[in-house]
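The values are calculated or read from the model by the stated rules, or taken from the named source; none is laboratory data. As the structure is a computational prediction, the values presented were derived from the model and not from experiment. Cβ coordinates were reconstructed from backbone atoms using ideal geometry, including for glycine residues, and neighbour counts include every protein chain displayed. Side chains are part of the model used for accessible areas, which takes the heavy atoms of the whole protein and leaves out ligands, DNA and RNA. Shrake-Rupley method; radii C 1.70, N 1.55, O 1.52, S 1.80 Å.
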Amino acid sequence: MTGKITALTFFIIVFSFLISGLFVINNILNSEEERITEQAMLVAQTVGKLPELPVVLEAQQLTNKQKAATLKKTVRDVRTTNKADYIVVLTMDRVRLSHPKEALIGVKSQSNDLDDAFTEHYYTTTAKGDLGTVVRAFVPVMNNKHEQVGVVLVGYQLPTFVDIVANLRNEIMFATCLSLLFGTWGAFLLSRRMKRELLDYEPHEIAKLYIERSETFNAMHEGVIAIDNHFIVTIFNTKAKQILGVTDDDLLGQNIYDILPDSRLPEILDFNQPIYNKELLINQHTILSNRVPIAVEGETVGAIAIFQDRTDVKKLAEELTGVKEFVQALRIQNHEHKNKMHTVAGLMQLGNYREALQYIQGVKEEQDQLQTFLHERIQNQNLAGLLLSKVNHGKELGIIVEIDDQSSLEYLPQALDFQDFVVLLGNLIENSFDALQLSPSDDKELLISIDQNDQVLTILVEDNGIGMSEAQLARIFDNGFTTKNSQNHGIGLYLIQDIIKKAQGTIEVESTPNAGTSIVVTFEM
């Protein structure tokens with residue numbers, strides 16, 4: 001790479017020097033033409049104002065050859081002094097009285113640019129002649145009566161491009177050598193620095209690594225998205241597009257907010273802290289994400305997210321959870337059924353057949369009423385099974401579980417899935433069971449209310465258990481905090497708060513020691 005960069009820099013310097021040299025020499029040519037034009041006009045005016053010139057031109061007794069001989073020395077001295085290429089003096093009949101070529105002296109001039117000069121005009125022209133490109137200055141010769149008696153023409157040859165280069169030969173060679181020397185040295189240093197910046201990789205090796213990296217990311221079974229400090233996407237592999245339902249092929253270079261406004265990846269740049277195993281809802285897809293800042297030499301230059309699709313897993317978990325709750329409900333019902341059968345058997349052994357029949361009818365009506373209510377008001381059968389099992393479990397614990405008869409649930413909020421709802425409602429009820437079991441009261445009651453309309457979903461769980469103090473209320477959402485003297489507790493409300501944050505809901509907790517606790521959770525639909 002060093003040789004290529006040096007050669008490229010060398011070529012750029014030579015080319016730039018050539019272009020700039022052409023402009024410089026062209027400017028020199030223009031400046032030289034202006035200078036020579038001014039000089040030609042000045043010399044022509046000087047000759048035109050010589051005192052003896054009008055006298056010679058007006059002398060009637062002298063022939064043209066005699067006039068030419070008289071002016072020869074004077075014109076030659078002026079031409080030599082001012083380094084003019086030629087000075088021509090013309091009579092009013094256009095006869096030359098001086099000229100560099102002796103053969104043309106005494107001969108009329110046929111030049112087309114002389115006409116204005118015989119009408120008392122001062123001017124210059126540029127024309128190509130035998131000597132090359134020549135600047136000529138025309139000045140009328142005036143006598144004491146201010147009458148024109150002749151014309152003076154002074155010519156200077158313009159230098160050519162080759163002449164300018166030849167005159168500046170030493171300067172050009174010095175500048176060229178100096179530029180090439182420092183240019184080559186600078187190119188060498190630049191190439192070395194670039195190679196260090198590229199970790200001593202050659203360009204073709206970097207291209208190969210880039211292709212390998214892209215193919216590696218695309219071959220992964222996890223979604224991978226990376227951004228830089230300006231939120232510009234630098235990695236967006238094929239699996240990430242499949243998981244998140246993104247169809248655009250050209251994503252690199254776009255702002256992450258334009259692709260996924262809810263990616264939560266820019267917040268890693270704000271906090272500069274990794275977040276592991278976080279469940280997120282992005283573009284209507286539930287994912288389990290690890291988001292980590294990218295640091296180079298201690299400086300954060302971007303962030304990367306590696307995630308898996310949890311949608312299918314959650315569906316399976318919902319089915320398993322529903323089955324588990326129904327199994328739990330059946331177990332509790334079986335246990336309760338045995339107790340009721342023992343009661344019926346005892347009444348029949350005592351001969352209280354009517355009481356036994358009334359007891360059976362009462363149990364049946366109570367159970368049918370609860371099941372009918374859950375079937376009609378709670379559209380999700382798995383949740384209905386959860387509530388049924390909790391009611392029956394409460395009976396086992398000696399707790400009266402009452403479900404508000406105005407409760408209803410038709411569908412869940414968009415950001416909340418069944419698994420989240422089970423975790424949320426199940427933990428709230430279990431926390432109330434624990435609080436009620438620790439209460440010395442004989443009348444242990446738990447109220448559950450689920451109220452839904454087009455705007456909000458509200459969940460109320462209220463008990464008359466042991467309650468909590470203000471100090472305990474301040475810490476109930478801390479991971480690991482518990483009011484129970486046992487292990488494996490302290491994460492229920494922490495999980496609930498996490499679910500509420502994900503769905504952008506709110507939770508309100510009111511509690512009084514030895515009186516009970518009321519928890520209200522609200523979600524916008």
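Count of the stretch 215-224 residues, restricted to those that are buried (at least 18 other Cβ atoms within 10 Å of the Cβ) and not in a loop (DSSP other than H, G, I, E, B), is 3.
Taking residues in the stretch 461-478 that are surrounded by 14 or more Cβ atoms within 10 Å (Cβ to Cβ), and partners anywhere that are among the acidic types (Asp, Glu) and part of a loop (DSSP other than H, G, I, E, B), the pairs with Cβ atoms closer than 9 Å and at least 6 places apart or on different chains are ASN464/ASP443. Listed by first and then second residue, the pairs with beta-carbon distance under 9 Å, at least 6 apart or on different chains, first residue in the stretch 17-29 and in contact (Cβ under 8 Å) with a residue 12 or more places away in the chain, second among the β-branched types (Val, Ile, Thr) and surrounded by 15 or more Cβ atoms within 10 Å (Cβ to Cβ), are PHE17/THR176; GLY21/ILE172; GLY21/THR176; ILE25/ILE164; ILE28/ILE164; LEU29/ILE164. Only one entry in THR517, THR512 is more than 30 Å from ARG264 (Cβ to Cβ), at pLDDT 85 or above and open to solvent by 20 Å² or more (accessible area, probe 1.4 Å), namely THR512.
Look at ASN144 and say whether it is polar (S, T, N, Q), at pLDDT 80 or above, open to solvent by 40 Å² or more (accessible area, probe 1.4 Å) and in a helix (DSSP H, G or I).
Judged against the criteria, ASN144 is not a match.
The number of residues in the stretch 56-67 that are surrounded by fewer than 19 Cβ atoms within 10 Å (Cβ to Cβ) and either touching a residue at least 40 places away in the same chain (Cβ under 8 Å) or touching a strand residue (DSSP E or B) at 6+ places or on another chain (Cβ under 9 Å) (or both) comes to 3. Take the residues of the stretch 80-93 that are closer than 19 Å to ALA117 by Cβ and without any contact (Cβ under 8 Å) to a residue 60 or more places away in the chain: which is most open to solvent (accessible area, probe 1.4 Å)? Per the criteria, the residue is ASP93. For the criterion of being surrounded by 12 or more Cβ atoms within 10 Å (Cβ to Cβ), of a type outside the set (Val, Ile, Thr) and not in a loop (DSSP other than H, G, I, E, B), ALA187 passes. Let me confirm something: among THR70, THR124, which residue is open to solvent by 70 Å² or more (accessible area, probe 1.4 Å) and either in a helix (DSSP H, G or I) or touching a residue at least 40 places away in the same chain (Cβ under 8 Å) (or both)? Residue meeting the stated conditions: THR70.
Here the stretch 406-423 is the region considered, the condition is being at pLDDT 85 or above and open to solvent by less than 10 Å² (accessible area, probe 1.4 Å), and the residue that is nearest to the chain's Cα centre (by Cα) is LEU409. All but one of (1) of a type outside the set (D, E, K, R); (2) free of Cβ contacts under 8 Å to residues at least 40 places away in the same chain; (3) open to solvent by less than 30 Å² (accessible area, probe 1.4 Å) hold for PRO440; which doesn't? Failing condition for PRO440: (3). Annotation note: of ILE243, ILE227, ILE259, ILE287, the sole residue that is surrounded by 14 or more Cβ atoms within 10 Å (Cβ to Cβ) and touching a helix residue (DSSP H, G or I) at 6+ places or on another chain (Cβ under 6 Å) is ILE227. Among residues of the stretch 103-121 being within 22 Å of GLN45 (Cβ to Cβ), among the charged types (D, E, K, R) and touching a residue at least 12 places away in the same chain (Cβ under 8 Å), the one that is least open to solvent (accessible area, probe 1.4 Å) is ASP113. Total residues in the stretch 156-184 satisfying the condition of being farther than 30 Å from VAL89 by Cα and surrounded by 12 or more Cβ atoms within 10 Å (Cβ to Cβ): the figure is 12. Just to be sure before I move on: is LEU153 open to solvent by less than 30 Å² (accessible area, probe 1.4 Å) and either farther than 30 Å from GLN60 by Cβ or in a strand (DSSP E or B) (or both) in the structure I sent? Considered against the rule, which asks whether it is open to solvent by less than 30 Å² (accessible area, probe 1.4 Å) and either farther than 30 Å from GLN60 by Cβ or in a strand (DSSP E or B) (or both), LEU153 comes out as yes.
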